[in-house]
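What follows is one structure encoded as structure tokens, with my remarks underneath.
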Ligand SMILES: NC(=O)c1ccc[n+]([C@@H]2O[C@H](COP(=O)([O-])OP(=O)(O)OC[C@H]3O[C@@H](n4cnc5c(N)ncnc54)[C@H](O)[C@@H]3O)[C@@H](O)[C@H]2O)c1
């Protein structure tokens, strides 16, 4: 089956962690920290980045091994890399760079590619899966690259809160072109969303009722800086809030009672993300239960293992000739999947069952209910 040929849109901090982690796991031979070691015939070391696109003058034209350390990226060096032989190509800017981010992303003054150029490049380089890692609020740019992937017959993993895999229009587009579409918006390995969902599920499973809650997130990278412009945040808030309340029966009434979203940029935090969560529940005989949690994580180390799984999963689906939005392959990994699920545990077991039906292994199987 060979490798999984990956293309990256947006060579930012997640891309840096992804590129480095493939080499890190190759050298160490370890599997610690991976969600799944094996998916179908693929391990993390079978991921091969063959295509990368950005618009920054500090990144375009450079070898990917160098570009991932160019400013404003701050993901630390966890491994020494030789040149990868992949030059970062100029992308189409559209709405990828917000006015307040021009000084950070510094768009290059170079000709921008047409849709046909991107489709041709994807085909020439035999890209299997294209992953979208653009800044939040890149609505037009995401749709531009997604359409190019569909037309090239390339699988698309949408890492950001733009509603692509959760839109019937794009699911049909990818189905028509025989390409796989997974998304939307990465649900980090142990990020705020999954911790908040797990606690909200616990409340419901113990017979109590979630009344209200918030999840405030702060961090110091360009992802957080980009999100200080509230006009770019509409879909992010929907994605994060829906991810929490879809665990509950009283889903509709919780819309106005739960807040989950980015809540500030604090530069010195760098890639450290801090989430403060509060939940109030009604339990036995009307008694109040308060849960307050502080979560501290490396934001980029949380997003990357989800990509390591979904890039391989997309290739497995492609190998089987599947196309369009595959609900069961997105539900466990994304905040805003085509079909929201109440239980992450059940979503995971359903994925195991479907892979079993396809005759594809996945290892290790996580079958302990949390
Ligand atoms: N835990 C997480 O980190 C997490 C979880 C879920 C979703 N996400 C989302 O993943 C995305 C990527 O995160 P990141 O931290 O790597 O972001 P980042 O800010 O580090 O990188 C974004 C990159 O996109 C480039 N870019 C801007 N416009 C472009 C265009 N039109 N074409 C090509 N490249 C363009 C920028 O130059 C930059 O290199 C963000 O939208 C983030 O919200 C992250």
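Values computed for the structure shown
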quantity: Pair list, Cβ < 7 Å and 6+ apart or interchain, from the range 210-221 residues that are in contact (Cβ under 8 Å) with a residue 60 or more places away in the chain and under 14 Å from residue 199 (Cβ atoms) to residues that are in a loop (DSSP other than H, G, I, E, B) and more than 16 Å from the ligand (Cβ to nearest atom); calculated: 210/248; 211/257; 212/257
quantity: Inter-residue pairs, beta-carbon under 6 Å, first outside any helix (DSSP H, G or I) and in the range 292-315, second within 12 Å of the ligand (Cβ to nearest atom), 6+ apart; calculated: 295/192; 295/275; 297/273; 298/271
quantity: Qualifying positions in the range 100-134 - more than 30 Å from residue 324 (Cα to Cα), in contact (Cβ under 8 Å) with a residue 12 or more places away in the chain and more than 9 Å from the ligand (Cβ to nearest atom); calculated: 100, 108, 109, 110, 111
quantity: The range 321-346, residues that are farther than 15 Å from residue 244 by Cα and buried (at least 17 other Cβ atoms within 10 Å of the Cβ); calculated: 322, 323, 324, 325, 326, 327, 328, 329, 330, 338
quantity: Out of 247, 241, sole residue that is free of Cβ contacts under 8 Å to residues at least 24 places away in the same chain and surrounded by 19 or more Cβ atoms within 10 Å (Cβ to Cβ); calculated: 241
quantity: Filter result (touching a helix residue (DSSP H, G or I) at 6+ places or on another chain (Cβ under 6 Å) and in a helix (DSSP H, G or I)) within the range 113-145; calculated: 115, 118, 119, 122, 123
quantity: Candidates 283, 303, filtered to the one that is surrounded by 15 or more Cβ atoms within 10 Å (Cβ to Cβ) and touching a strand residue (DSSP E or B) at 6+ places or on another chain (Cβ under 7 Å); calculated: 303
quantity: Residue check for residue 7: over 20 Å from the mean Cα position of the chain (by Cα) and either more than 9 Å from the ligand (Cβ to nearest atom) or under 15 Å from residue 308 (Cβ atoms) (or both); calculated: no
quantity: The range 11-32 residues that are over 30 Å from residue 106 (Cα atoms), paired with ones that are within 16 Å of the ligand (Cβ to nearest atom) and part of a loop (DSSP other than H, G, I, E, B) (beta carbon under 7 Å, 6 or more apart); calculated: none
quantity: Residues satisfying the stated conditions in the range 10-54, i.e. within 16 Å of the ligand (Cβ to nearest atom), closer than 12 Å to residue 305 by Cβ and either in a loop (DSSP other than H, G, I, E, B) or within 15 Å of the chain's Cα centre (by Cα) (or both); calculated: 14, 17, 18, 33, 35
quantity: Complete set of residues in the range 80-99 that are away from the ligand (no atom under 11 Å from the Cβ) and within 26 Å of residue 152 (Cα to Cα); calculated: 84, 85, 86, 87
quantity: Residue 210 being in a strand (DSSP E or B), more than 19 Å from the chain's Cα centre (by Cα) and surrounded by 23 or more Cβ atoms within 10 Å (Cβ to Cβ); calculated: yes
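Computed from the coordinates by the stated procedures, all read-outs in this text should not be read as laboratory data. For clarity, every value in this text was computed on a predicted model and none was experimentally measured. Using ideal geometry, Cβ is built from the backbone for each residue, glycine included, and neighbour counts are taken over all protein chains shown.
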